[in-house]
Amino acid sequence: MTEFWLISAPGEKTCQQTWEKLVAATHGTNLSTNNKFSIPDLKVGTLDVLVGLSDELAKLDAFVESVVKKVAQYMADVLEDSRDKVQENLLANGVDLVTYITRFQWDMAKYPIKQSLKNISEIISKQVTQIDNDLKARASAYNNLKGNLQNLERKNAGSLLTRSLADIVKKEDFVLDSEYLITMLVVVPKANYADWQKTYETLAEMVVPRSTNLLFEDQESGLFSVTLFRKAIDDFRHKARENKFMVRDFQYNEEEMKADKEEMTRLSTDKKKQFGPLVRWLKVNFSEAFIAWIHVKALRVFVESVLRYGLPVNFQAMLLQPNKKNMKKLREVLYELYKHLDSSAAAIIDASMDIPGLNLSQQEYYPYVYYKIDCNLLDFK
């Protein structure tokens with residue numbers, strides 16, 4: 001995906017001139033692709049409110065971005081084997097993210113500009129907090145279901161030493177309802193088949209001769225049945241272990257086995273039922289969260305531009321999509337273009353400095369208002 005630089009500079013005689021200057025400085029040098037970034041006439045309020053709001057918006061920006069990334073990442077988790085389809089599901093207002101950002105229009109219905117800046121930020125905060133809470137609840141329910149299903153699937157796979165035997169054995173493999181006799185199941189390494197056949201009748205007293213049968217094989221071992229008298233169980237188990245034959249603890253119980261199969265079918269059906277609605281919810285709420293995030297960026301640019309450039313409101317917001325190879329050069333061009341705005345920004349200000357209202361702590365500082373929008377929302381490539 002893509003990185004954008006959202007910047008603003010004060011209007012020259014007109015904002016159009018500011019725009020044309022930027023285009024002239026970057027045009028033809030392949031430094032960046034540029035778009036005007038449209039911010040409506042928002043209510044300014046008092047300087048004190050703007051200074052406080054600047055800090056709050058920085059926190060809100062980080063929070064909304066984290067929710068956007070959480071929703072995107074969970075979409076990838078839910079899609080599992082179809083992860084290549086994640087990007088096509090991560091849309092904002094029905095269009096891809098780059099298109100949405102480069103053609104950004106303020107949503108007057110969701111965020112009425114007659115409201116104060118603080119109210120608009122609170123609307124966004126409540127909206128995204130609700131999405132975050134809903135995501136936690138939905139993810140928890142789906143993850144529990146998925147986890148239970150995976151546990152059952154795991155029981156039915158893997159080594160004969162650990163896997164469930166319910167789908168391998170049949171009723172006729174066992175002597176059932178006998179007071180004296182019991183059928184046991186033994187895992188024998190393939191290399192030891194001949195030893196098993198030679199020795200199983202003598203591992204303990206009271207083993208029924210010629211009672212062993214091979215029921216199932218995997219790559220490493222075979223599952224053999226053997227019938228013996230109940231009183232010989234402990235002795236047989238001990239001697240079998242000495243000979244590298246592992247007796248499995250298993251009792252044939254038709255009702256339990258049927259219940260396990262029904263549980264697996266139920267969980268699998270429930271997962272399929274929940275999958276579609278969950279993906280739809282994630283798509284809708286990713287879009288909502290992403291749109292909210294870009295509105296927070298717009299609010300931040302507006303507030304910082306007023307704090308830096310003063311009143312009346314007169315600045316041009318611009319969206320740059322830097323060419324990755326020329327980012328350093330683009331920074332130099334922008335610095336030359338705007339260094340007259342703030343001589344103290346000849347270099348990035350030390351992170352320990354704290355100028356009220358400018359959010360400089362732990363952040364890059366330039367003579368122009370600057371915010372990065374990073375659309376790399378997923379942990380995998």
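The values are calculated or read from the model by the stated rules, or taken from the named source; none is laboratory data. Source: prediction; values computed, not measured. Every residue, glycine among them, receives a Cβ derived from its backbone with ideal geometry; neighbour counts consider all protein chains shown. Side chains are part of the model used for accessible areas, which takes the heavy atoms of the whole protein and leaves out ligands, DNA and RNA. Shrake-Rupley method; radii C 1.70, N 1.55, O 1.52, S 1.80 Å.
Quick notes on this one:
- Taking the listed residues Lys114, Lys118, the one that is assigned to a loop (DSSP other than H, G, I, E, B) and modelled with pLDDT of 95 or more is Lys114, with no other qualifying.
- Residue that is within 29 Å of Val186 (Cβ to Cβ), of a type outside the set (Phe, Trp, Tyr) and buried (at least 21 other Cβ atoms within 10 Å of the Cβ), where the choices are Ala240, Ala232, Ala259, Ala289: Ala240
Here is a yes/no grid of residues against (1) β-branched (Val, Ile, Thr); (2) out of contact with any Gly (no Cβ under 6 Å at 6 or more places or on another chain); (3) more than 28 Å from Cys15 (Cα to Cα):
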position	(1), (2), (3)
Pro40	no, yes, no
Val51	yes, no, no
Arg83	no, yes, yes
Val98	yes, yes, no
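- Across segment 17-60, the qualifying residues are those that are in contact with a strand residue (DSSP E or B) (Cβ under 9 Å, 6 or more places away or on another chain) and free of Cβ contacts under 8 Å to residues at least 60 places away in the same chain, and the one among them that is least open to solvent (accessible area, probe 1.4 Å) is Val23.
- All of (1) at pLDDT below 95; (2) touching a helix residue (DSSP H, G or I) at 6+ places or on another chain (Cβ under 7 Å) hold for Ser178 with one exception: (2).
- The set of residues in segment 186-203 that are assigned to a helix (DSSP H, G or I) and of a type outside the set (Gly, Ala, Ser) comprises Lys190, Asn192, Tyr193, Asp195, Trp196, Gln197, Lys198, Thr199, Tyr200, Glu201, Thr202.
- Restricting the search to helices (runs of 4 or more DSSP H) fully inside segment 1-91 and requiring at least 3 residues that are within 21 Å of Ala317 (Cα to Cα) gives 15-26, 47-79.
- Residue list for segment 160-185, filter: open to solvent by 40 Å² or more (accessible area, probe 1.4 Å), part of a loop (DSSP other than H, G, I, E, B) and of a type outside the set (D, E, K, R): Leu161, Thr162, Val175, Leu176, Tyr180
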